[in-house]
1. Return P(r) of region A:186-411 (all Cα-Cα pairs; 10 Å bins starting at 0; whole %; ordered from short to long distances).
2. Using a 7 Å offset from the Cα along the Cα-to-Cβ direction at both A:ARG222 and A:ALA392, what is the distance between the two label points in nm, to one decimal?
3. DSSP loop (so not H, G, I, E, B), at most 10 other Cβ within 10 Å: list which trypsin sites (Lys or Arg not before Pro) in region A:107-185 pass both filters.
4. May I ask you to order A:429-439, A:283-293 by the average number of other C-beta atoms within 10 Å around their residues, highest value first?
5. Please determine, in degrees from 0 to 90 and to the nearest 10, the orientation of helix B:151-171 with respect to the longest principal axis defined by the Cα atoms of chain B, where the helix direction is its Cα long axis.
6. Quick one: Karplus J couplings for region A:344-349, per residue in order, coefficients 6.51, -1.76, 1.60, θ = phi - 60°, nearest Hz, x for Gly and Pro?
7. Non-local amide H neighbours of A:TRP236 (under 5 Å, H modeled in plane, Pro and chain starts lacking H): which ones?
8. In terms of Cα to Cα distance under 27 Å, which lysines are near enough to A:LYS204, apart from those fewer than 8 places away along the same chain?
Amino acid sequence: MPQQPYRSQIAGWGRFPVVDGLVLKSENLAAISETASLSRGLGRSYGDSSLPARADFPVADTTLADRLLAFDPASGSLRAEAGVSLLELNRVFLRRGWFVPVSPGTQFVALGGMVASDVHGKNHHVDGCFGEHVRSVRLRVADGRIVDCSDASEQDLFRATLGGMGLTGHILEVEFQMRPIPSPWIWGESERIDNLDAMAAGLKTAARDWPMTVGWVDCLARGATLGRGILMKGRWAQPNEAPQKPPSLKRRFRVPFQFPGIALCKASMKAFNLAYYWKHIQRVRRGVVHPDSFFYPLDILDDWNLIYGRRGFTQYQCVLPHADDNGPARRFLELFVSGGGMGFLCVIKDCGPQGKGMLSFPKPGMSIAMDFPIHPVKTPALVDRLNELVIADGGRIYLTKDTFTRPEHFRAMEPRMDAFNAVRRKWDPQSRIRSAQSVRLLGDPA
Amino acid sequence: MKAVLLGASKGMGRAVARLLAARGDRLFLLGDHVEELAKSARDLEIRGAPAPVGTACCDLLQPATFAPALDQAQQQLDGFDTVVVTAGLFATQEQLENDPQLAARLLAADFTNTVLFCEEARERLLTGTEKGGTLCVFSSVAGERGRKPVVLYGAAKAGLSRYLEGLDHKFRARGLKTVCVKPGFVQTGMTVGLKPPPFAGTPEEVARRVMKAIDRGWPEVYVPSAWRWVMCVIRRLPRFVMRRIEF
């Protein structure tokens, strides 16, 4: 029996917008991708990237297609179906001495989404995005064919698919390079930092010695303390430094209900940020860290997006080119704070070179990401102002996090858009595969 | 453990097979879709099952395929001590009422042919080198009481549960442990689109409990375990109540 789509509320991690859409879900991803308008995995993109262009366009849920298809322990090459989660990859491979070459900040992502968002991680300054380590992708393209693409075959399709937000075809299978690790534990060092200049300098220095770095910034601090935070550095621990036993699965907690909007006042944000900063009372801490605490500190709370209440939330992430005086990052943080923005989390990371994905997000500079609750009027206005600043400073935004950017702003920060759209037109002249986001930003028909 | 699995490329069967693989058991997969089986076999090898995980075509709608498939498994594994059957068809009562051919297929697959498969498996388990072993078959809580939404499906599963109960009574003394698994609502590819009731389970939690049942030889296991108590109540409801409620 061919599968019938079923009605379901579809939303990204930010829980806004929400579509009462149609979902196809089966172990047989190749079959359901024939009639779907878009594929989605675990739905961890924040905004409308994984939402259908129209409520009556079915979406393929990939998460039951989660098999590992081939692994070569000699080379570390792994081929798997698109729906397998990073959680599962880590559960199988970490204790055997392998890790994904690039990991985002949550394990609740599917492999297909890691390719479609061309995710980056704490090691971007040395290893680039996930796409740099992908060897080939099997896609169901718009005309119904199944195409294997790589740098050697259908290179245009391959490079448009890395960071292509799932718009070039349904990602069915991915082959990529795993990385051998000396132990499944992390040797980490964290340092309390007083202000933005020190943070930028700290990231720069740390990048020379550490394969993984990231900064957390108190996004409510102003003036002399603007940009203060915690700088985290890490590397895989050597066997003699690490505990003998493999890291246990961490116990997870669930946010039991949607919080009322009042929980997110300025005072609670301030309290959280202050506590997070001063919890790190010593200047520097060193030691062996559980890999989950290092890579996925928030994964311990299931459904933490409910904390942001009924209206949902968004994340703004952009990359700003480096400047000696850290002007762009400073102006950005100042604008965010004065524009009424408030958030629990602001993450800062220096990016390495731009990758080969045609629409891949990172480029050399400072990436800044912050979560904030959605206000129906203020949030779009704040995003507009942030975007104007990002355009003026020559930066760009991360589509995976975006909900509110205007098409003209996106075009202004993305000179690569025409080349990307040209590849899409070649493989999908009628834009059969499209998302709510591609309608909003890339000029697809609704 | 040397296990033969029918229906392990999907849903709860996939989850059980992965737990067996993770602890290094030798596996052989039976199913009606050869390419899917091969992919699942590779998945299980990567997860720890000793390679090669063999496969053979075995279609629940074609009983003639049962004996050759089990023979092939016996040959490759050099005998087996465990058989797990998770394969089966599902359709809603409405679909079955409107399509008698579908109803005939479902009744044949879920009762007659599953029983015939078990007979073939039982014979091999009893005469094999181990002289016994475990036959673990997925029935359903739908077989516990005649209920409006599962009249036909439930009837097939009721017959299957009774058969498994009989097997256990007759052959346990000779070393054959029969495990009848009774899943309540579990979120799998078979139930997508249906509204999950309270106590809905995931394939992974079902699999963990089924492993326990196999290892300890429980003759009957409800998964998730809350369904034991739910069905305990449902079985005792008087008919006039059953006629009124839609459950």
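None of the figures in this text is laboratory data; all of them are computed from the coordinates on show. If you're wondering where the values come from, they're calculated on a predicted model, not measured in any experiment. Ideal geometry is used to build each Cβ from the backbone, glycine not excepted, and the neighbour counts take in all protein chains shown.
1. All Cα pairs considered, the percentages come to 7, 30, 36, 22, 4, 0.
2. If labels sit at A:ARG222 and A:ALA392, their model points lie 1.8 nm apart.
3. On the way: sites: A:LYS122, A:ARG135, A:ARG138, A:ARG140, A:ARG145, A:ARG159; in loops: A:LYS122, A:ARG145.
The qualifying sites are A:ARG145.
4. Details: A:429-439: 20.8, A:283-293: 15.1.
Descending packing order for the listed peptides: A:429-439, A:283-293.
5. Helix B:151-171 sits at roughly 50 degrees to that axis.
6. Residue by residue, region A:344-349 yields 7, 10, 10, 10, 10, 8 Hz.
7. HN-HN under 5 Å from A:TRP236: A:TRP187.
8. Excluding near neighbours in sequence, the set is A:LYS122, A:LYS233, A:LYS279, A:LYS349, A:LYS356, A:LYS363, A:LYS401.
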